[in-house]
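Since the structure comes first, as structure tokens, the remarks are kept for the end.
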Amino acid sequence: MELYIDPALCPQNHPCPLVARCPAEAISQEGVGLPVIDPEKCIGCEECLRSCGKQAVTYR
């Protein structure tokens, strides 16, 4: 299973604070679009899961 950001829960109207919080630099975002988690870079620390105020980060 891998972490991803649910577009139904992510507001996508501001720079995502998770980009800066990810210690592996696995989260990227173009403009204010949906952030993306790169499973190749993700170290599974779950910082994004704990830090997302909208609870948009989940496993799939």
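The values are calculated or read from the model by the stated rules, or taken from the named source; none is laboratory data. Since we're looking at a predicted model, the values are computed, not measured. We place every Cβ from the backbone using ideal geometry, glycine too, and count neighbours over all the protein chains shown. Calculation scope for accessible area: heavy atoms of the full protein, side chains included, ligands and nucleic acids excluded. Shrake-Rupley method; radii C 1.70, N 1.55, O 1.52, S 1.80 Å.
Please turn the phi angles of the stretch 35-43 into ³J(HN,Hα) values with the Karplus equation 6.51 cos²θ - 1.76 cosθ + 1.60 (θ = phi - 60°), one per residue in order, whole Hz, x for glycine and proline.
x, 10, 9, 7, x, 6, 9, 4, 9
Heavy-atom accessible area per residue, the chain, 1.4 Å probe: how many Å²?
Here the residues of the chain average 67 Å² of exposed surface.
Using θ = phi - 60° and the Karplus form 6.51 cos²θ - 1.76 cosθ + 1.60, what ³J(HN,Hα) does each residue of the stretch 52-60 get, whole Hz, x for Gly and Pro?
With the stated coefficients, the stretch 52-60 comes to 6, x, 9, 6, 8, 8, 8, 9, 9 Hz.
From the helices alone, meaning DSSP H stretches of at least four residues, give me the mean residue ellipticity at 222 nm for the chain, per-run term -39500 (n - 2.57), in deg cm²/dmol to the nearest 500.
-2500 deg cm²/dmol
Tabulate in residue order the Karplus-calculated ³J(HN,Hα) for the stretch 6-11, using 6.51 cos²θ - 1.76 cosθ + 1.60 with θ = phi - 60°, rounded to whole Hz; enter x for Gly and Pro.
6, x, 6, 9, 7, x
For the chain, what is Rg from Cα atoms divided by 2.2 N^0.38 Å, rounded to two decimals?
0.97
Carbon and sulfur atoms: what percent of the 1.4 Å accessible area of the chain do they account for?
51
Sticking with the crude label model, points 7 Å out along Cα→Cβ, report the distance from Glu2 to Ser28 in nm, one decimal please.
Those two pseudo-labels are separated by 1.3 nm.
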